Amino acid sequence: MVRPRKDSASAAVPAVGCIFPPVTQGALHRGFCDNTLCMQPDNLISLKDDMVAFIAGHGMRRFNGYVTEEVPTVIFEDEDPDAWKDFVEHAKAAGASFVTMSEVVLEKSDIAILLQQLRDQAYPDSDAPEIDDAEYLVNHVGKLGYLQLGFAHQGVMFLYETSTEWYERFQELIETVTDLGGIVVDDGEED
């Protein structure tokens, strides 16, 4: 399943101790940040496993759920790669009995739909750079590219989000297609 990001800022923020390119300030506000890119540039599965164990170790439950953009939120911002631990500790200190957790694993069907939309929009230029970028994403199929933790306190959802560089590029490509005419991504649910 693909979840769109919403950011429009373009001010660059330097990566902390990373060899990867900087991320925009707006991306940091929406959680597409570089706090785990130094540790795991391609797959966040180990980070997820650490999060699950840490949350359980604090006697909290984990609720699988994605917090949408329509909900009032506060984004947790910290440059430290282990900032998610502070986030979980804040949740416990706020009295939260559970933490929401959401993940996105890149699926082959997501790339197939994206490629079809890009090809349709790039016609007759089949050598568009976006198509090459989308084809390269096949190397990341099955990998975990996005994680979101959240907890509710006084009517507001507090969120910690992190993603890989390739997931950010995937989201940019989706925005490109959406801006040029729309993309339909099947999440497997019927209305």
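Assorted remarks:
- The residues packed around Thr176, meaning those with a beta-carbon under 11 Å from its beta-carbon, carry a net charge of -4 if Lys and Arg are +1 and Asp and Glu are -1.
- Projected-area mean, the range 86-160, by convex hull of Cα positions, square nanometres: 7.0 nm²
- Residues whose placed amide H lies under 5 Å from that of Phe63, excluding near-sequence neighbours: Val99, Thr100, Met101
- Proxy reagent accessibility, fewest Cβ within 10 Å first, across Glu77, Glu165: Glu77, Glu165
A short reminder: the numbers here are calculations on the coordinates, not readings from a lab. Bear in mind the structure is a predicted one, so any value in this text is a computation, not a measurement. Cβ sites come from the backbone with ideal geometry, for glycine too, and all protein chains shown count toward neighbours.
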